[in-house]
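K.L.:
I am attaching a structure below and will ask some questions about it afterwards.
The values are calculated or read from the model by the stated rules, or taken from the named source; none is laboratory data. No experiment lies behind these values; they were computed from the predicted model shown. Neighbour counts are summed over all protein chains in view; Cβ atoms, including those assigned to glycine, are modelled from backbone coordinates with ideal geometry.
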Amino acid sequence: MDGETNKLIISQLDKKIQLLLPLRDSMPPTGWISLFRQTLNMSLSQLAKKMSITSSSLWSLEKREREGTIQIKTLREIGQAMDMTLVYGFIPRDGSLEQLIARKAQDMAERIVRRTAVTMELEAQENSAGRLQQAIKELAEDLKREMPKSLWD
C-alpha cells in the first residue's frame, strides 16, 4: 500500500476511533448481555428461549462474557436474539493511530540515535544534547512517514 493511501486510511480510521473513545473503559461489571437483558426487562429464560438454549446455558454465556472467554460469533447470536447488532473494534491506547505511530517512531528513533551516539562517544566524536534531540526528531518524522515494518518489533 502506498504512503498516501495509508495516510488516508489512518485518518479515516482515526475519525471512527474518536467516536469509540468514550466506550474505551465502559465494560459494565455484569457484562453487556446481562445489562441489556435486564434493561429490556427480559428474563434469562425469555432470552434463552429465543436462542433455543437452556437458562443455565445462557447464564454460563453471561459469565463467559464477564470473564472475556466468550466467542464473537456467540455474542453476535445473542445480539440477534435481542434484536441488536454486535459492534466491536480496537481502540489504540494512545487515543489514535497517528499518536500510536508517532510514539513508536519516537521510541525507535531514540533507540537508533542513542545507539549511534554511544558509538560516536567511544570514538571521541560525541554530539551535543541539542543535536541528538534534533536527530531524534528528524528520524522520528522519517519513520512516521515511511512506517517500516520494524516499527512494530
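K.L.:
Please go through (1) surrounded by 13 or more Cβ atoms within 10 Å (Cβ to Cβ); (2) over 30 Å from residue 145 (Cα atoms) for residue 52 and return the number of the only condition it doesn't satisfy.
P.N.:
(1)
K.L.:
For the subset of region 30-64 comprising residues that are of a type in the set (A, V, I, L, M) and part of a helix (DSSP H, G or I), which member is nearest to residue 84 (Cα to Cα)? Please lay out each step first, then the result.
P.N.:
Filtering region 30-64 for residues of a type in the set (A, V, I, L, M) gives 33, 35, 40, 42, 44, 47-48, 51, 53, 58, 61.
Add one more test, that the residue is part of a helix (DSSP H, G or I), and what stays is 33, 35, 44, 47-48, 51, 58, 61.
Details: 33: 11, 35: 13, 44: 17, 47: 13, 48: 15, 51: 13, 58: 17, 61: 17 Å.
Once the filter is applied, the top-ranked residue is 33.
K.L.:
I'd like to check something: does region 65-72 contain any residue that is crowded, with 16+ Cβ neighbours inside 10 Å, on the phi < 0 side of the Ramachandran plot and in a helix (DSSP H, G or I)?
P.N.:
Yes, the conditions are met somewhere in region 65-72.
K.L.:
Scan region 109-119 and tell me whether some residue there is surrounded by 13 or more Cβ atoms within 10 Å (Cβ to Cβ), modelled with pLDDT of 95 or more and either on the phi > 0 side of the Ramachandran plot or among the aliphatic types (A, V, I, L, M) (or both).
P.N.:
yes
K.L.:
Select, from 27, 84, the only residue that is over 20 Å from the mean Cα position of the chain (by Cα), over 30 Å from residue 142 (Cβ atoms) and not in a helix (DSSP H, G or I).
P.N.:
On the way: 27 fails: over 20 Å from the mean Cα position of the chain (by Cα).
Sole residue among the options that is over 20 Å from the mean Cα position of the chain (by Cα), over 30 Å from residue 142 (Cβ atoms) and not in a helix (DSSP H, G or I): 84.
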